[in-house]
Amino acid sequence: MHDLTAAPSHSDHNLFRSDVVDGLSCLQKTIPYRWLYDERGSDLFEEITRLEEYYPTRAETAILRARQPELREFAGPGPILIEYGAGAGVKTELMLGSLAEPRGYVPIDVAHEYLLQTAHRMERRFRSLWVRPVERDFLSAFEMPTDIPAGRRVGFFSGSTIGNLDAAEAEAFLLQMLRHVGPDGAAIVGVDLVKQVETLLRAYDDSEGVTAQFNLNLLARINRELGGDFHLDRFRHVARWNDSERAVEMHLISLTDQWASIGQRRFHFGEGETICTESSRKYDHERLGALAERAGWRVSQAWEDDKRLFSVFALSPRAARSPR
Ligand SMILES: C[S@@+](CC[C@H](N)C(=O)[O-])C[C@H]1O[C@@H](n2cnc3c(N)ncnc32)[C@H](O)[C@@H]1O
């Protein structure tokens, strides 16, 4: 196994603290969603993906499975797969298995343990594959490893993680992915589609309460890692539809008038006041196409599952040197 290119644990701790303190000081208290994914949060997310109500993983996997020949053709021979937010890499094996003799795999994630496990698994599963995990915030500016093998680079961004980014972040992300793969590269992006609000809300507030545990784990993480004193039983998970943003939002609602501390800092929560912990924006083809265009991409192909819940987009650089 190769070393991680970066393991920024100390600066990560400081960043976590400043993101939480700054976020809880805003009028609408907000904590960036990436902090949901410590090891416990990543385990809970994997549990969520197996829930009956959480359709996105099943729908995306069905598309990737049904479109294996098209994905192989689109990526071309001997590609390097660069996966942003790889997580447990559940779809990675399917994706790498679809490609024609993939040469390299670069998973990128902030969840340390999951990143290493996924990298190890792919190395074992695909014996001649060059694997290099990169522990980075994919929204920060960074370079690809310099010793990456030659071959067409294909960005892979699954799980509708693009929906967690606001418009400016999504555009900056797609621009950076274009820079990483170059003008001869390509990208595969999985996107959750706008649909009936009840279906969406059920996916983010399941009957077994796993999503609630996932959300509340953020407060537990603040207590563990930042010395916070949040009482988890004084907050409840809620999922809300924000129509103007076309997003499902996860909030933690304060059940009582209360204070909580993180070190020397104290924060007041009125009864019913919320902390927004995640926004999952939903797209349609037009909006995704327009976003991709703004960031220098064009939609080559788009595939949906049979219930039209989810879509996988094949993107090519608009200024591709050799259009496929
Ligand atoms: C919604 S999960 C998707 C996981 C996987 N791609 C899938 O489809 O099942 C999001 C993943 O992105 C990672 N992640 C979230 N924000 C990130 C960031 N800013 N930089 C790097 N990784 C991030 C999380 O740790 C998590 O593994």
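The values are calculated or read from the model by the stated rules, or taken from the named source; none is laboratory data. Keep in mind it's a predicted model, so treat the numbers as computed, not measured. Here Cβ is always computed from backbone atoms with ideal geometry, including for glycine, and neighbour counts include all displayed protein chains.
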When you go through 253, 222 one by one, which is the residue that is part of a strand (DSSP E or B) and more than 16 Å from the ligand (Cβ to nearest atom)?
-> 253
With the condition kept exactly as written, say whether any residue in region 264-277 is in contact with a strand residue (DSSP E or B) (Cβ under 6 Å, 6 or more places away or on another chain), in the same structural domain as residue 186 (by TED's automatic domain parsing) and in a strand (DSSP E or B).
-> no
Does residue 190 count as within 13 Å of the ligand (Cβ to nearest atom) and either free of Cβ contacts under 8 Å to residues at least 24 places away in the same chain or outside the structural domain of residue 263 (by TED's automatic domain parsing) (or both)?
-> yes
Taking into account only those residues within region 21-38 that are in a loop (DSSP other than H, G, I, E, B) and surrounded by 12 or more Cβ atoms within 10 Å (Cβ to Cβ), which is farthest from the ligand (Cβ to nearest atom)?
-> 31
Within region 193-208, can you find the residues that are touching a residue at least 24 places away in the same chain (Cβ under 8 Å) and either over 30 Å from residue 287 (Cα atoms) or polar (S, T, N, Q) (or both)?
-> 199, 207, 208
Complete set of residues in region 278-324 that are of a type in the set (Val, Ile, Thr) and not assigned by TED's automatic domain parsing to the domain that holds residue 157 | none
Members of region 155-184 found to be of a type in the set (A, V, I, L, M) and assigned to a loop (DSSP other than H, G, I, E, B), listed by number | 165
Taking the condition within 8 Å of the ligand (Cβ to nearest atom), out of contact with any helix residue (DSSP H, G or I) (no Cβ under 7 Å at 6 or more places or on another chain) and more than 25 Å from residue 302 (Cβ to Cβ), does residue 136 pass?
-> yes
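Suppose we filter region 305-324 for residues that are modelled with pLDDT of 95 or more and surrounded by fewer than 16 Cβ atoms within 10 Å (Cβ to Cβ); how many remain?
4
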Region 239-266 residues that are within 16 Å of residue 219 (Cα to Cα), paired with ones that are part of a strand (DSSP E or B) and among the acidic types (Asp, Glu) (beta carbon under 6 Å, 6 or more apart) | 250/278
Tell me, which helices (runs of 4 or more DSSP H) wholly within region 64-131 include 3 or more residues that are within 16 Å of the ligand (Cβ to nearest atom) and not acidic (Asp, Glu)?
-> 92-98, 112-125
